[in-house]
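Report on the structure given below.
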């Protein structure tokens, strides 16, 4: 390119550096940055951010931070994106103290934290069980009139559930709705998951009704958890109704939902219904798991074609293994 008199610009170099980083060729990316400087084409913040992001994703956040001084030596000022990349990297490495130091440096240089900054901290704190610190951060945000977005609320609600603080999770969901931030299915799924796993199906049922009553469409995960919960709570008819609602919503039921329902029907002695559901499952190109297969194979049935189909599918699975 240069040999033909076409001098690469910082944009050209930036595209090349970005491609090398995405191809995990960091050494080549580093060398290219040096070539840029040698040719008087100094990298901009976008180029440095790409390299630092690649380093952080490899767990090399300390090395990435070293590029801050390199940037300044070339007259390039770190941006809020630069700092957010570093904060995210250190949080993922469970070096929250370093992330906080970066935050202090960031604010000291006139960069106000944005939603990405706060969400990153909330995720890091919740991930490593520091949910009380996450709540304290949320309250500090509230005092500063900084509104949490749906991702931040979902992260915090999930963190509270993970810590067994369901009452606080419910309270935060209420607060979220009252603030005008419309929840997504993930906000409800976080609580529903723990209710269903804890066999608190009546509470899960009420929350599910609250969710759908608010006009929020359940996703595949919501339906899956509720089917599991209903079956566990011996409310099979409710689970079967959900299966129909799921199909009506245009969501194709996955194998785990069919397997859960078939297992529950068998346990309840509703074998003919289990077989009908198994036929539907197979007609959709899905295969029963080993447990479902064994249960159905043991049952007495006149449907020899179904038994042959089951045996054929198990044989195919064995050959693929």
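Would you mind checking the tilt of helix 45-57 against the longest principal axis of the Cα atoms of the chain, expressed as 0 to 90 degrees and rounded to 10?
Tilt of helix 45-57: around 50 degrees.
Got the relative contact order for segment 192-280 handy, in percent, Cα pairs under 8 Å and 6 or more residues apart? Please list the in-between numbers first.
Working: 79 pairs, mean separation 20.5, N = 89.
It comes to 23 percent, rounded to a whole number.
Using r as the Cβ-Cβ distance of residue 177 and residue 97, and R0 as 30 Å, what FRET efficiency do you calculate, to the nearest 0.05? Numbers along the way, then the final one.
On the way: r = 35 Å, r/R0 = 1.15.
E(calc), rounded to 0.05, equals 0.30.
So how much slack lies between residue 241 and residue 221, counting 0.36 nm per residue of separation and subtracting their Cα-Cα distance, in nm? Each step should come with its number before you reach the end.
Working: separation 20, 0.36 × 20 = 7.20 nm, distance 1.61 nm.
Length gained, residue 241 through residue 221: 5.6 nm.
For residue 282 and residue 214, compute 0.36 nm times the residue count separating them, minus their Cα-Cα distance, and round to one decimal in nm.
21.0 nm
What distance in nm lies between label points placed 7 Å from Cα along the C-beta direction at residue 46 and residue 112?
2.6
Tell me the label only: which of (i) 82, 55, 30; (ii) 59, 41, 34; (iii) 84, 47, 38 is Cα extents along the principal axes in Å as calculated from this structure?
Matching entry in (i) 82, 55, 30; (ii) 59, 41, 34; (iii) 84, 47, 38: (i).
May I ask you to derive the FRET efficiency for residue 289 and residue 170 from their Cβ-Cβ distance with R0 = 41 Å, giving the value to the nearest 0.05?
Values: r = 34 Å, r/R0 = 0.83.
Given R0 = 41 Å and the Cβ-Cβ separation, E is 0.75.
With a ≥ b ≥ c the root eigenvalues of the C-alpha gyration tensor of segment 181-253, is it rounded (a/c under 1.5), prolate (a/b larger than b/c) or oblate? Present the calculation step by step, with values, prior to reporting the outcome.
Numbers: a/c = 1.76, a/b = 1.10, b/c = 1.60.
It is oblate, given that a/c is not under 1.5 and a/b is not larger than b/c.
Arrange 291, 98 by Cβ neighbour counts within 10 Å, fewest through most, would you? Display every interim value, and only then the final one.
Working: 291 12, 98 18.
Lowest to highest Cβ neighbour count: 291, 98.
Using helices alone, I'd like the mean residue ellipticity at 222 nm for the chain: each DSSP H run of four-plus residues gives -39500 (n - 2.57), total over residue count, nearest 500. Don't jump to the answer; show the numbers that get you there.
Details: 19 runs with 233 residues, N = 321.
Computed ellipticity for the chain at 222 nm equals -22500 deg cm²/dmol.
Give me 149, 174 sorted ascending by neighbouring Cβ count inside 10 Å, so fewest comes first. If you can, show how the numbers build up before the last one.
Details: 149 13, 174 10.
In increasing order of surrounding Cβ atoms, one gets 174, 149.
Please rank 105, 31, fewest neighbouring Cβ atoms within 10 Å first, as an exposure proxy. Could the numbers behind the result be given before it?
Numbers: 105 15, 31 12.
By the 10 Å Cβ count, ascending: 31, 105.
Could you work out how far helix 96-108 tilts from the main Cα principal axis of the chain, as a 0 to 90 degree angle to the nearest 10?
Value to nearest ten degrees: 50.
Enter the angle in degrees (range 0 to 90, nearest 10) between the Cα long axis of helix 115-127 and the first principal axis of the Cα atoms of the chain, meaning the one along which they spread out most.
It is inclined by approximately 60 degrees.
Relative contact order of the chain: what whole-number percent is it, with Cα pairs under 8 angstrom and at least 6 residues apart? Working shown, then result.
Details: 320 pairs, mean separation 23.0, N = 321.
Result for the chain is 7 percent.
Any read-out appearing in this document is the output of simple, stated calculations on the displayed coordinates, not a laboratory observation. Quantities reported herein were computed from a predicted structural model and do not represent experimental measurements. Positions of Cβ are generated from backbone atoms using ideal geometry, with glycine treated the same way; all protein chains shown enter the neighbour counts.
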